[in-house]
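What follows is a short report on a single structure.
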Amino acid sequence: MDGLRQRFEHLLEQRNLVTEALGALEAKTGVDKRYLAAGAATLLSLYLLFGFGASLLCNVIGFVYPAYASIKAIESPSKEDDTVWLTYWVVYGLFGLAEFFSDLLLSWFPFYYAGKCAFLLFCMIPGPWNGAHMLYHRAIRPLFLKHHEAVDSVVRDFSGRALDVAAGITRDGVPPSPADRMGRSS
């Protein structure tokens, strides 16, 4: 439990939008920012468990702060933070794709959105426990390295066909028939 408390204290010592807002609230109210953060996390958790619109709140949490941090990373001279947030967006995109196909089933599970939000927060945690970094290096990267040449080939083939269709449309004004694309005449 002390390790969790130390990580919580360390997160509150970092300078970012959230800690600055907590510092301003602490100055106005006189309530320690640790209690303010714990209270906000508790209210947020309860809302994710029982509130209406938990899906929207979860998606806002998974998108707004990472988008803000990504813009700051782009504007910073360091490339390390760029890699951290690019890795998050790869994991976020794959998670969103998987969720698209399973959402009808998963949304019926109790506390699904609380779990989803916890997963997204896990993926954006700074430091060695960054979930996006772990998932990328343990699962996504090995699959990518194994299959990227086949995917590149399919993408090249598809883009070539798309360019042929686009050239046919601009040349003739109508899309070529499937027989014309195959090189046969009708």
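General observations
- Candidate set: segment 16-51, residues that are in contact (Cβ under 8 Å) with a residue 60 or more places away in the chain and in contact with a Phe, Trp or Tyr (Cβ under 8 Å, 6 or more places away or on another chain); chosen: the one farthest from Tyr65 (Cα to Cα): Leu49
- In this structure, Ser186 qualifies as in contact with an Asp or Glu (Cβ under 9 Å, 6 or more places away or on another chain), among the polar types (S, T, N, Q) and either at pLDDT 90 or above or not in a helix (DSSP H, G or I) (or both).
- The one condition in (1) open to solvent by less than 90 Å² (accessible area, probe 1.4 Å); (2) at pLDDT 85 or above that Arg161 fails to fulfil: (1)
- The listed residue being without any contact (Cβ under 8 Å) to a residue 60 or more places away in the chain and small (Gly, Ala, Ser), out of Ala98, Ala54, Ala114: Ala98
- Condition check for Ala132: open to solvent by less than 70 Å² (accessible area, probe 1.4 Å), assigned to a helix (DSSP H, G or I) and at pLDDT below 85: no
- Elements of type helices (runs of 4 or more DSSP H) in segment 5-115, at least 2 residues being buried (at least 16 other Cβ atoms within 10 Å of the Cβ) and modelled with pLDDT of 90 or more: 54-75, 80-106
The values are calculated or read from the model by the stated rules, or taken from the named source; none is laboratory data. Since we're looking at a predicted model, the values are computed, not measured. Counting neighbours? That spans all protein chains shown, and the Cβs are built from the backbone with ideal geometry, glycine included. The accessibility values were calculated without ligands, DNA or RNA, using every heavy atom of the protein model including side chains. Shrake-Rupley method; radii C 1.70, N 1.55, O 1.52, S 1.80 Å.
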